[in-house]
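Okay, so here's the structure we're looking at.
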Amino acid sequence: MKTYSQKGSEVNREWWIIDASTLPLGKLAVVIADKLMGKSKVTYTPHIDNGDYVVVVNAKNIQVTGDKLVAKKYYRHSGFPGGLKELRLEEVIEKDPSKAIHAAVKGMLPKNKLAADRLKRLRVFDTLEHAHTAQNPKEIK
């Protein structure tokens, strides 16, 4: 019996929707990364990008456990001496909650050439309304 290896032309993508208020941020990121990589499919092949599209709604109501709202920090650097900037999770959620979800999911994806294309299939919306009703996304429970 031979091992099945999917080809790029055989990829079939589906649309999924998940409510961000149902799970803590880390567990939400694991579920999203699993769908973006296609690991839940029987046709999963590591070197082929066969993942699905994921729509995340209600991002303003992200749940976190413990004191992560204050303790978790996001860093960026301007490239100049002394240019390190840091934001707490609560500040990131206040400005743009989709950035917190994108950062968490990006950390869960493998660091390879497929990561950027997988992350492009993630769509995050702050409220329950989204622009992808025409795709008839299935709900992740």
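At-a-glance table
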read-out: First in the stretch 1-23 and under 18 Å from N136 (Cα atoms), second anywhere and assigned to a loop (DSSP other than H, G, I, E, B) and charged (D, E, K, R), Cβ under 8 Å, 6 or more apart; value: R13/D52; R13/R121; E14/D52; W15/D52; W16/D52
read-out: Selection status of K60, within 20 Å of F125 (Cα to Cα) and of a type in the set (K, R); value: yes
read-out: Selection within the stretch 90-124 - of a type in the set (V, I, T), part of a helix (DSSP H, G or I) and within 12 Å of the chain's Cα centre (by Cα); value: I101, V105
read-out: Set N50, N58: member being in contact with a Ser or Thr (Cβ under 8 Å, 6 or more places away or on another chain) and touching a residue at least 60 places away in the same chain (Cβ under 8 Å); value: N58
read-out: Subset of the stretch 70-89 (residues that are loosely packed, with under 15 Cβ neighbours inside 10 Å and outside any loop (DSSP other than H, G, I, E, B)); value: V70, A71, K73, Y74, Y75, R76, H77, L84, K85, E86
read-out: Test: residue in the stretch 45-55 that is closer than 16 Å to L128 by Cβ and touching a strand residue (DSSP E or B) at 6+ places or on another chain (Cβ under 9 Å); value: yes
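Here, each number is a calculation from the coordinates, and none is a lab measurement. Because the structure is predicted, anything quoted here is derived from the model rather than measured. Quick reminder, even Gly has a Cβ in these numbers, built from the backbone with ideal geometry, and neighbours come from all protein chains shown.
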